[in-house]
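Only one structure is covered here, and it is reproduced in the block below.
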Amino acid sequence: MFGEIMKGKKRQGTCAKQRIVYGIVTVSEKGQIAIPVDARRDLNIETGDKLIVLKRKDEAGITLIKLDEMDELMYMLQEDEEFFKKLKKMRKKA
């Protein structure tokens, strides 16, 4: 199955918009990786874009988020009174 995805073959019942595997990258001696061109194109990642690197909770790897997207998320959280009410309740339980 993975081989078919890697060769670009579309499996029956799958949508191209739901692609989650873009290939395999190798970490260089300097700790660098190259983001596959299809991922950059689909996610509109351009030269000079800033990405936030987050460790996954399960420590299985990392997640990259465009800084612009994170800025928007932070603004939405800042304005969301319900979020802070829930957060306050969670703190009281802990």
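Tabulated data for the structure shown
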item: Environment charge at E69 (Cβ cut-off 13 Å; Lys +1, Arg +1, Asp -1, Glu -1); result: -2
item: Residue exposure sequence - I24, I35 - by fewest surrounding Cβ within 10 Å; result: I24, I35
item: Y75, Y22 arranged by Cβ crowding within 10 Å, fewest neighbours leading; result: Y75, Y22
item: Approximate spin-label separation K92-M70, in nm, with each point projected 7 Å along Cα-to-Cβ; result: 3.2 nm
item: Amide hydrogen neighbours beyond the local backbone of L51, cut-off 5 Å, H modeled; result: L67
item: The range 29-86: trypsin sites (Lys or Arg not before Pro) in DSSP coil with no more than 14 other Cβ atoms inside 10 Å; result: K30, K50, R56, K57
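Each value in this text was obtained by applying a stated rule to the coordinates, not by laboratory testing. Not measured: the values here are computed from a predicted model. Cβ coordinates were reconstructed from backbone atoms using ideal geometry, including for glycine residues, and neighbour counts include every protein chain displayed.
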